[in-house]
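Written below as structure tokens is the structure these notes are about.
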Amino acid sequence: MILIFIEVREGKVKKSSLEALSEGKRRADDLNTEANAVLVGHNMESLAHEVLPYGASKVYVVENSLLSHYSAAGFSQALFSLVEDIKPEVILFSASSMGKDLAPRLAAKLGVGLASDCTRTIAKDGKLEVVRPIFAGKAFVTLRFKSSPIMATLRPNVFPLGEPGEKKGEVIRKEVVIPEDQIKAPALEILREKEAEIDVTEAKIVVSGGRGMKGSDNFDLLRDLVSLLPNSAVGASRSAVDAGWIDHQHQVGQTGKTVSPDLYIAFGISGAIQHLAGMSSSKFIVAVNKDSEASIFKVADFGVVGDLFQVIPYLKEELKKITSE
Amino acid sequence: MNIFVLVKRIPDTESKIRINHETGTIVEEGLTFVLNPYDEYAVEEALRLREAGGGKVTVLSVGAEESRIILKKCLAMGADEAFLLKDNTPETYDGLRMAKIIVRALEKKFSDYSILLFGKQSMGTDNAQVPSMVAELLGLPQVNVVTKLEIEGTKGTAHREIEGALEKVSFSLPAVISAQKGLNEPRYETLKGIMMAKKKEIPILSFEDLDLKEEDITPLLEVAKMESPPPRQAGKIIEEEPEKAAKKMVEFLHNEAKVI
Ligand SMILES: Cc1cc2nc3c(=O)[nH]c(=O)nc-3n(C[C@H](O)[C@H](O)[C@H](O)COP(=O)(O)OP(=O)(O)OC[C@H]3O[C@@H](n4cnc5c(N)ncnc54)[C@H](O)[C@@H]3O)c2cc1C
Ligand SMILES: Nc1ncnc2c1ncn2[C@@H]1O[C@H](COP(=O)(O)O)[C@@H](O)[C@H]1O
């Protein structure tokens, strides 16, 4: 059985964990086994029904009032009891902030190996293997597991979401006992500076600006484009972040975030290796740069050699035309 | 306060990565190694905690002899002591192996820690596993990807970065904290610091010193293959009037990328 952890943030099921479930279901089919999901928290049962259409045979809801706030210690304890009970062969997480925090804690509790931030899973000889990029995507490593259960986190936005189907599975509620002193370092509050924006790691389209943007006000040009594009977010190079033009939350690259959107648009970004590290797994890359020799053009599927300040106004018009159609 | 920082040596991000396909490893020859940038934030935070509340900063790295260079850098930044735990095993991608080694070192040699500082991940292998695993094995609270840290007595609060927001977390010491960019601006080594660091010894520990046997730390992952990325197909690059270029770009987005 493949068990997939379903993440809930502020009452919503995270899409990236449904991607993990979809991938888990595909591999479960290859391996002739079932894919089951697990939600951890408090009062989660209604959310379990949102998960069923993605192919879970069973959705476990592990509940305890102490789990209403996330903590790696508390959540890993809850998952540990379930794993002891149902003995999955594979456990998958999304490599989201929560997945990256929680999966290693659970792996250590179980005493098993964990593969991080995988971009492919393969069923081979009745077992799961995973592939993950290393060194900024300059190499890919295929990993095999020598411990059981197999554990991996999957990079968001890489694995296709399955078509929701019939709700055939069942929801199984489990109460767990967790001593209060096991809840270490609970996340008591979520702080947000602005209106909830889409995070660059979750956006389908990322519109990024670099030093070529020349100043913080000009990032409004990119915000305008984002308002015309569905499910999109503003990204930035480190130079733009270091210049103080935009917050670090938006930085893409080796010391920023790794994104794999359907479309990445780079305005005034040269394409340094550390920047490419964060975005080269994007499905399509478009670049606007006035220097025809810029490295970004080596990875771009479509490039415009030109001045971004001249191109953007026309781009806005063209986008408006298409979105109003 | 007894502050511990765990640091790792990584290939400089500019490095050309070559693969030895026979062994499934990265060729180390010709690489320049540096202190993992996230660990630099951790060292800086340690120094600031000491400056604010007194105590001692100890730095530990597990790795090859050459890791002395990054330990020297930590000493030059202002760390009080540095230790090297020798391990010549090539990268295993198995965070639990490293966590077990670090935990054994802490238990055997440095059990009086008040806080353990890490980087949020080793740049390059990007595992982001060791801090949480160490926390679990020692039964400690963990706060990863921290951009703000406040300690008062034995209590702490931290901000940790999540998608589009920050989580405010409270915990008590001892605890595991992993540093994210934005936590601080690491200082440069001063000439005086470099001179002082030159004089300091870096004691070397071995697995025997820690009663650690190879079978306790056999990797739980195995590298089946290591490959170069498939080359990206050359794209279409145009150089035209802005209006025309914009039109063609939107056509591309619509017809080929199919995102709009
Ligand atoms: C350890 C380390 C980690 C790093 N991590 C990151 C990271 O996470 N993310 C990251 O991005 N970088 C990172 N860097 C920095 C990286 O090396 C580059 O310095 C940075 O990416 C450059 O940003 P840029 O492309 O915006 O600026 P530049 O390299 O200065 O490029 C600006 C580009 O804008 C173009 N331009 C200028 N004006 C216009 C115009 N009017 N119209 C069109 N084009 C124009 C120019 O032709 C040029 O190509 C890191 C570096 C190190 C050493
Ligand atoms: N070999 C090592 N020696 C000391 N600390 C390490 C080592 N490997 C990892 N760490 C610490 O664990 C953090 C996360 O590493 P990783 O889980 O490998 O991404 C690093 O930033 C270091 O602080």
Going through (1) within 11 Å of chain B (Cβ to nearest Cβ); (2) within 7 Å of ligand 1 (Cβ to nearest atom); (3) over 22 Å from the mean Cα position of the chain (by Cα); (4) in contact (Cβ under 8 Å) with a residue 60 or more places away in the chain one by one, A:Thr323 fails only at (2)
Filtering segment A:289-320 down to residues that are part of a strand (DSSP E or B) and at the interface with chain B (Cβ under 8 Å from one of its Cβ atoms) yields A:Phe302, A:Gly303, A:Val304, A:Val305
Among the residues of segment B:71-85, the number that are assigned to a helix (DSSP H, G or I) and within 18 Å of B:Ser206 (Cα to Cα) is 1
When A:Leu229 is run through (1) open to solvent by 40 Å² or more (accessible area, probe 1.4 Å); (2) of a type outside the set (Gly, Ala, Ser); (3) away from ligand 1 (no atom under 14 Å from the Cβ); (4) within 9 Å of chain B (Cβ to nearest Cβ), the failure sits at (1)
Over segment A:71-98, the set of residues within 10 Å of chain B (Cβ to nearest Cβ) and open to solvent by less than 20 Å² (accessible area, probe 1.4 Å) is A:Ser71, A:Ala72, A:Ala73, A:Ser76, A:Ala95, A:Ser96, A:Met98
Residues in segment A:216-263 that are on the phi < 0 side of the Ramachandran plot and not in a helix (DSSP H, G or I) total 27
Of the residues in segment B:204-234, those that are facing another protein chain (nearest Cβ under 10 Å), of a type in the set (A, V, I, L, M) and more than 25 Å from A:Lys127 (Cβ to Cβ) come to B:Ala234
By residue number, the members of segment A:252-270 that are of a type outside the set (Ser, Thr, Tyr), more than 8 Å from chain B (Cβ to nearest Cβ) and within 7 Å of ligand 1 (Cβ to nearest atom) are A:Val252, A:Gly253, A:Phe267, A:Gly268, A:Ile269
Being surrounded by 12 or more Cβ atoms within 10 Å (Cβ to Cβ), at the interface with chain A (Cβ under 7 Å from one of its Cβ atoms), among the aliphatic types (A, V, I, L, M) and within 30 Å of A:Ser96 (Cβ to Cβ) narrows B:Val250, B:Val143 down to just B:Val143
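Results for (1) open to solvent by less than 30 Å² (accessible area, probe 1.4 Å); (2) in contact (Cβ under 8 Å) with a residue 24 or more places away in the chain; (3) more than 16 Å from the chain's Cα centre (by Cα), shown as yes or no for each residue.
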residue: B:Thr25; (1), (2), (3): no, yes, yes
residue: B:Glu29; (1), (2), (3): no, no, yes
residue: B:Leu47; (1), (2), (3): yes, yes, yes
residue: B:Lys56; (1), (2), (3): no, yes, yes
residue: B:Ser67; (1), (2), (3): yes, yes, no
residue: B:Lys73; (1), (2), (3): no, yes, no
residue: B:Glu81; (1), (2), (3): no, yes, yes
Subset of segment B:86-140, residues part of a loop (DSSP other than H, G, I, E, B) and farther than 30 Å from A:Thr142 by Cβ, comes to B:Phe110, B:Ser111, B:Asp112, B:Tyr113, B:Ser114, B:Gly139, B:Leu140
Screening B:Glu136, B:Glu163, B:Glu107, B:Glu167 for residues that are surrounded by fewer than 19 Cβ atoms within 10 Å (Cβ to Cβ), more than 10 Å from ligand 2 (Cβ to nearest atom) and either of a type outside the set (Lys, Arg) or more than 30 Å from A:Ile273 (Cα to Cα) (or both) leaves only B:Glu107
For segment B:26-42, the count of residues that are among the hydroxyl-bearing types (Ser, Thr, Tyr) and in a loop (DSSP other than H, G, I, E, B) equals 1
Flagged in segment B:170-180 as closer than 18 Å to B:Arg50 by Cβ and either open to solvent by 30 Å² or more (accessible area, probe 1.4 Å) or not assigned by TED's automatic domain parsing to the domain that holds B:Leu117 (or both), in numbering order, are B:Leu173, B:Pro174
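Residues checked against (1) in a strand (DSSP E or B); (2) among the small types (Gly, Ala, Ser); (3) touching a Gly at 6+ places or on another chain (Cβ under 7 Å):
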| residue | (1), (2), (3) |
| --- | --- |
| A:Asn36 | yes, no, no |
| A:Leu39 | yes, no, no |
| A:Ala48 | no, yes, no |
| A:Val51 | no, no, no |
| A:Tyr70 | no, no, no |
| A:Phe75 | no, no, no |
| A:Ser81 | no, yes, no |
| A:Phe93 | yes, no, yes |
| A:Lys100 | no, no, no |
Test for A:Glu202: is it more than 16 Å from ligand 1 (Cβ to nearest atom), touching a residue at least 40 places away in the same chain (Cβ under 8 Å), of a type outside the set (Val, Ile, Thr) and open to solvent by less than 70 Å² (accessible area, probe 1.4 Å): yes
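The values are calculated or read from the model by the stated rules, or taken from the named source; none is laboratory data. Predicted model, so just to flag it, every value in this text is computed and none were measured. Positions of Cβ are backbone-derived with ideal geometry, glycine not excepted, and every protein chain shown enters the neighbour counts. The protein model used for the area step is the full one, side chains on, heavy atoms only, and it has no ligands, DNA or RNA in it. Shrake-Rupley method; radii C 1.70, N 1.55, O 1.52, S 1.80 Å.
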